[in-house]
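Note sheet for the following structure.
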Amino acid sequence: MASEKNHSSYISGRESRRITRFNRRVTRKLEKERDDANKDVSKYTTTMKDPKNVVEFDNVCTYFFTDVGVVKAVDGVSYDVPVGKTVGVVGESGCGKSVTSLSLMQLLQRPSGQTVGEEIRFNLGDGTAYNIVNTPNSIMEKIRGNRISMIFQEPMTALNPVFRIGQQVDEVTQLHHPEMSKEDVKARTLEMLELVGIANKEGVYDMYPHELSGGMRQRICIAIALACSPSLIIADEPTTALDVTIQAQILDLLQNLKDKLNSSIMLITHDLGVVAGMADYVVVMYAGRVVEKGTTEDIFHHPAHPYTIGLMKSKPVVGKKVEELYNIPGNVPNPVEMPNYCYFRDRCEMQCERCRGDYPPEIRISDTHIVTCYRYMDQGEIVGYPKSVDVEAL
Ligand SMILES: Nc1ncnc2c1ncn2[C@@H]1O[C@H](COP(=O)(O)OP(=O)(O)O)[C@@H](O)[C@H]1O
Ligand SMILES: [Mg+2]
């Protein structure tokens with residue numbers, strides 16, 4: 001989909017019409033396929049590769065068919081979220097962290113946003129799994145908020161300003177457990193409010209969101225997310241809008257509740273401090289791909305990918321005076337025309353001869369540690385290649 005003038009963002013009227021026609025054809029076809037798939041259970045049931053995982057992202061590709069071309073926001077992303085563990089997903093703004101989690105919830109802006117491949121497996125706990133990519137909406141409605149729930153960055157916008165707190169927490173329980181009586185639902189809500197550390201729970205039940213502080217609002221959002229004891233909690237920048245002292249409290253609370261409910265957490269953040277304190281595993285993303293993944297120990301003590309090494313260097317350390325903070329030179333490539341080689345190459349201080357070739361494979365450098373970089377080609381075992389989808393063939 002290269003425009004005629006390659007190095008500018010100029011698109012001629014003709015090219016623009018071609019893109020519009022192409023997008024319409026492809027998105028229509030994808031939506032139709034989805035509707036057809038919905039009728040056949042075998043199209044969206046599968047089995048986990050490892051039953052100890054709650055979610056397995058397997059070469060996930062989520063593309064946006066926009067007026068300027070196809071944005072490959074997430075392109076061949078693979079990682080697992082083990083049961084009962086916290087996985088931190090880090091990377092700079094725009095690298096595809098949120099789009100990965102929205103793909104799992106099927107909350108993408110459609111029809112322009114489409115997950116075109118390959119599998120997102122969600123463990124149902126009975127030996128089977130759903131492939132979320134093809135799961136029909138009627139089933140997703142039973143999963144969202146019930147088995148997978150989400151905590152967002154801005155607690156004020158996540159809560160509805162015109163309803164009382166109690167009603168908003170009640171609603172989730174009522175929706176997923178229509179058999180429960182009104183009294184039982186309210187009792188459950190009060191229990192949740194107590195669990196998230198709200199002292200005056202009866203009072204708060206009748207309050208409106210604007211009467212609460214930011215930290216309390218985020219506690220309410222956590223109560224809503226946990227009301228149905230989900231097996232996975234997605235926390236997308238949960239503390240970015242809160243001040244530092246409250247951040248620590250909210251993270252502690254999340255961690256404690258996770259253990260109580262035996263849930264897993266996908267913790268999405270650009271803040272390495274948050275990840276270090278809470279995650280068991282870390283996934284580092286860059287420009288829509290995973291560049292490195294491993295245990296928190298692997299990533300923080302033995303960062304292997306030049307991008308991760310740069311991230312670690314640019315983190316200020318308490319008690320250490322620095323003249324100037326390190327910054328990674330250069331910019332993220334244009335998402336519409338992603339090159340076929342390592343996206344980080346042109347910013348990399350350690351690039352080698354091999355980087356001139358195609359995108360590097362995923363290389364296992366220890367039991368838990370996988371990195372996508374040619375520097376490790378001779379030291380580890382190749383475990384896979386991130387797979388892109390050819391949009392022209394759709
Ligand atoms: N609705 C959309 N339409 C087009 N592009 C989008 C849309 N939503 C996200 N993107 C693109 O997807 C990429 C990843 O975004 P996102 O996952 O939100 O980043 P982050 O890692 O900061 O959460 C960005 O380049 C963004 O421009
Ligand atoms: Mg985001």
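The table that follows gives values for the structure above.
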{"read-out": "All positions within the range 105-141 that are within 16 Å of ligand 1 (Cβ to nearest atom) and either in contact with a helix residue (DSSP H, G or I) (Cβ under 6 Å, 6 or more places away or on another chain) or charged (D, E, K, R) (or both)", "value": "Q106, L108, R110, P111, Q114, T115, I120"}
{"read-out": "Sole exception among (1) touching a Gly at 6+ places or on another chain (Cβ under 9 Å); (2) within 16 Å of ligand 2 (Cβ to nearest atom) for E237, by number", "value": "(1)"}
{"read-out": "Per-region count, the range 330-360, residues in contact (Cβ under 8 Å) with a residue 60 or more places away in the chain and assigned to a helix (DSSP H, G or I)", "value": "3"}
{"read-out": "Some residue of the range 132-148 being touching a residue at least 24 places away in the same chain (Cβ under 8 Å) and in a strand (DSSP E or B)", "value": "yes"}
{"read-out": "Of residues in the range 287-312 being of a type in the set (S, T, Y) and surrounded by fewer than 23 Cβ atoms within 10 Å (Cβ to Cβ), the one farthest from ligand 1 (Cβ to nearest atom)", "value": "T295"}
{"read-out": "Yes/no for T157 being under 25 Å from the mean Cα position of the chain (by Cα) and surrounded by 14 or more Cβ atoms within 10 Å (Cβ to Cβ)", "value": "no"}
{"read-out": "Tabulated pairs, the range 85-97, first in contact (Cβ under 8 Å) with a residue 12 or more places away in the chain and closer than 8 Å to Y281 by Cα, second within 10 Å of ligand 2 (Cβ to nearest atom) and not in a strand (DSSP E or B), C-beta under 9 angstrom, 6+ apart or interchain", "value": "G88/T269"}
{"read-out": "Any hit, the range 120-130, residues being within 16 Å of ligand 2 (Cβ to nearest atom) and surrounded by 24 or more Cβ atoms within 10 Å (Cβ to Cβ)", "value": "no"}
{"read-out": "The listed residue being of a type in the set (D, E) and in contact (Cβ under 8 Å) with a residue 12 or more places away in the chain, out of D252, D280", "value": "D280"}
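For every residue, the table says whether it meets (1) surrounded by fewer than 24 Cβ atoms within 10 Å (Cβ to Cβ); (2) part of a strand (DSSP E or B).
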residue	(1), (2)
M48	yes, no
C61	yes, yes
V74	no, yes
G88	no, yes
S98	yes, no
S103	no, no
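Quick note: the coordinates plus some simple rules give every number you see, no bench work behind them. This structure is a prediction, so every number in the text was calculated from the model and none was measured. Methodologically, a virtual Cβ is constructed for each residue, glycine included, from the backbone with ideal geometry; neighbour enumeration extends over all protein chains shown.
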